[in-house]
Amino acid sequence: MIVALSCFLMLGGLYFYLETSQDRVNGLNEQVILDLQKKVLTKALENRLDQYVKLFDGVEKKDGIPLEIDDAAFELVNTDLEVQFSSTAAIGPHLSPLLPDWVIKQVIQDGNAFRTIGRDRNGAIAAIGLYAFGEHTSKDRELLNVTIPISNMETFLGTEMATQIVLLDKGLNRIVGRSDIASTLSQAILENVKDDFRSPIKTSYRHFDSSTFTLRDLGGGVLGYLTLLFDNTVEAKKDTLVRNTALMGIIFFIGVLLLGLRSYIQQNFARLYHLINILRRLTKGENVYYDIQDRKDEIGDLSKAVDDFRTKNREIVHQQKRQERFEGRQQRFIRQQMEKLANRLGSPFSETLMEELSVIESGVRKNKKKGELGMLAEGFEHMATRVAHQYDEVNKLVAELREALMHKTKLVALEQELDIARQIQTSVLPRDLVAEGVLEVYGTMKAAKEVGGDFYDFFKIDDERIGVAVADVSGKGVPAAFFMLISRTLLKSTAMFGLSPAKVLYRLNELLSSENDQMLFVTMMYGEINLKTGEFRYANAGHNPAYLLRQGQSQPVKMPDGMALAVMEGVDFEEASLTLGPDDMLVLYTDGVTEAFNSEEELFGEGRLKAALDGFVDKNIGDLPNELRRCVDDFAGDVPQADDITIVGLRYLGKGAIKRAE
């Protein structure tokens, strides 16, 4: 298999190298052929134009009389760049020359003919030639413009180039030539990035070599594509036959080589198989006798090596038996000493070790290869492993105990600090505010952790207004608590300027957004109540809607739009208002109320909140915050509190003086 694979790789590599070399040669040949064909094609078009110039000189012309010779068109242009005569259109200065002014001036100046590819008066792709007549210095010198559509030269070019031609416009639509290969040519043009290229084309019965040239005008724009078709059907069939014959020859050669190798291996390695069988029997301890063939090759050397192996094997067997007897005596002595050592260790370690020795002995009886020495080694290994394991366990327990003591010390200190922080946070929140005969405000806050991010506040702005706020800082714990204290302090200091609730939230948002490296934010509802009129003006920064309790039922308050504070600067806030009548109550809360879960993963939700508030309409406002919190706790049951719970209750009574309750 290795030899066959090597031969296959060698022949495949040679074939690949030849194909690659042939591709490089073909690429160079194709470029040379394209250059030569382009020169011949250009020369043929120039000669054709020159022939029509000679024909034009021999024909009598009259102005305004159409003149056509073999589908060629002629125009005479004077030195003022005016068309004086046209064989296909009326004469007049309104006709512009087909070629640009700079070409005409150049021909007038040097008298040399100019030939190119462009479009004629009818828009067809044509060969265009411009020739000068008359003396070089004469002002009456005339220019002859000859145009021959390429579609009219199909027979001429086919004869001159000994081929067929196909002409496509720039939209790849066929103008002249075979329609059965137009689509194939179009696909080849789209796949090639070069202006000129060669490609094979195959139809049902014929093979062609095609040379395609991109026809461009003087400005570089594409006019169309001219393809020359060369029939090479016979050569293609010959090339296919040669390739198939060569491939079959290679396959035949590889097959013959494989058969020869197989025969050689069978004849020369039969003795080797016999020697391998003898070695296999010797390794099993069998006595094998055979005649050594005196051969002067590798097989003979192997035969002598097998004979030496047989002799050495006998010596090893005798030596192994003597060694086993000696090791047996040593193993019995070591086992006796090991049993004495186990008895001295005492219970329960000695009992465990003896049980393990019994298990090892039963395993040795089943596995004769292990031997007594292996049994003793396993016993010592078990003993060492047990002692090391116990030592590691003791060290691990000591380290864990030390670490636990350190963590406990830190935890106690941290709990003390958090307890102080909780007391400080609770102490800064107002308990209640009473304006006798006018207003009662009560609040409560229960943190989900030791400290929380919720807060509420109500404070006197002036003799007529009381400010009320409920807020929820994103997150929980110490970071939220710090942000809560900052927000509360800035809110109160801003509100004391007497600004409207919307402007208070605007300024508070600017202050919090300017230095917010921790990317925290806070939702807030802030409002102020006029003690004389009962008007409650408020603004909202992404907070939950408050509830109005009036005439035996509760309903949510319509909240103006507003983004949470500290998200981005320059945010404006809308403002709304409502007028409270006698005994009307407002309840403000955070989402810890509505988003509380029970053991069945149900939310407390807006529906349960409204049902609970309906039951508080006629009760004392001072009991409402704590009673509502107890409703939420009863709903959650044993499920730990997931978010801070804050509730503020406000009842408007009438006019009177403001004082704080003790």
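So here's what we get for this one:
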{"quantity": "Filter pass, Ala636 being among the aliphatic types (A, V, I, L, M) and either at pLDDT below 90 or not assigned by TED's automatic domain parsing to the domain that holds Thr444 (or both)", "calculated": "no"}
{"quantity": "Only listed residue being under 18 Å from Tyr538 (Cβ atoms) and at pLDDT below 90, chosen from Leu485, Leu491, Leu433", "calculated": "Leu433"}
{"quantity": "Some residue of segment 133-154 being assigned by TED's automatic domain parsing to the domain that holds Gly224, over 14 Å from Leu49 (Cβ atoms) and in contact with a Ser or Thr (Cβ under 7 Å, 6 or more places away or on another chain)", "calculated": "yes"}
{"quantity": "Options Leu49, Leu41, Leu76: the member that is modelled with pLDDT of 65 or more and under 60 Å from the mean Cα position of the chain (by Cα)", "calculated": "Leu41"}
{"quantity": "Qualifying residues in segment 124-134 (those that are modelled with pLDDT of 85 or more and not aromatic (Phe, Trp, Tyr)) - the one surrounded by the fewest Cβ atoms within 10 Å (Cβ to Cβ)", "calculated": "Ala124"}
{"quantity": "Filter result for the condition that a residue is among the aliphatic types (A, V, I, L, M), part of a loop (DSSP other than H, G, I, E, B) and in the same structural domain as Lys38 (by TED's automatic domain parsing), over Leu218, Leu228", "calculated": "Leu218"}
{"quantity": "Close pairs (7 angstrom Cβ cut-off, 6 or more residues apart or separate chains): without any contact (Cβ under 8 Å) to a residue 40 or more places away in the chain in segment 161-183, part of a loop (DSSP other than H, G, I, E, B) anywhere", "calculated": "Asp180/Thr203"}
{"quantity": "Of residues in segment 453-509 being over 17 Å from Met525 (Cβ atoms) and acidic (Asp, Glu), the one surrounded by the fewest Cβ atoms within 10 Å (Cβ to Cβ)", "calculated": "Asp463"}
{"quantity": "Members of segment 594-629 found to be in contact with a strand residue (DSSP E or B) (Cβ under 6 Å, 6 or more places away or on another chain) and of a type in the set (Val, Ile, Thr), listed by number", "calculated": "Val617, Ile621"}
{"quantity": "Lone qualifier among Leu168, Leu223 - being buried (at least 18 other Cβ atoms within 10 Å of the Cβ), in the same structural domain as Phe74 (by TED's automatic domain parsing) and within 30 Å of Phe85 (Cα to Cα)", "calculated": "Leu223"}
{"quantity": "The one condition in (1) of a type in the set (A, V, I, L, M, F, W, C); (2) more than 20 Å from Leu41 (Cβ to Cβ); (3) under 45 Å from the mean Cα position of the chain (by Cα) that Phe133 fails to fulfil", "calculated": "(3)"}
{"quantity": "Conditions (1) closer than 23 Å to Gln31 by Cα; (2) without any contact (Cβ under 8 Å) to a residue 60 or more places away in the chain: number failed by Thr227", "calculated": "(2)"}
{"quantity": "Extreme residue, farthest from Val32 (Cα to Cα), among residues of segment 192-209 that are touching a helix residue (DSSP H, G or I) at 6+ places or on another chain (Cβ under 7 Å) and not acidic (Asp, Glu)", "calculated": "Arg206"}
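Conditions tested, residue by residue: (1) acidic (Asp, Glu); (2) part of a helix (DSSP H, G or I); (3) under 18 Å from Pro625 (Cβ atoms); (4) not assigned by TED's automatic domain parsing to the domain that holds Thr579.
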residue	(1), (2), (3), (4)
Glu440	yes, no, yes, no
Ala448	no, no, yes, no
Gly452	no, no, yes, no
Gly475	no, no, no, no
Phe483	no, yes, no, no
Leu490	no, yes, no, no
Ser493	no, yes, no, no
Phe497	no, no, no, no
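The values are calculated or read from the model by the stated rules, or taken from the named source; none is laboratory data. A quick note: this is a predicted structure, and the numbers were derived from the prediction, not measured. Counting neighbours? That spans all protein chains shown, and the Cβs are built from the backbone with ideal geometry, glycine included.
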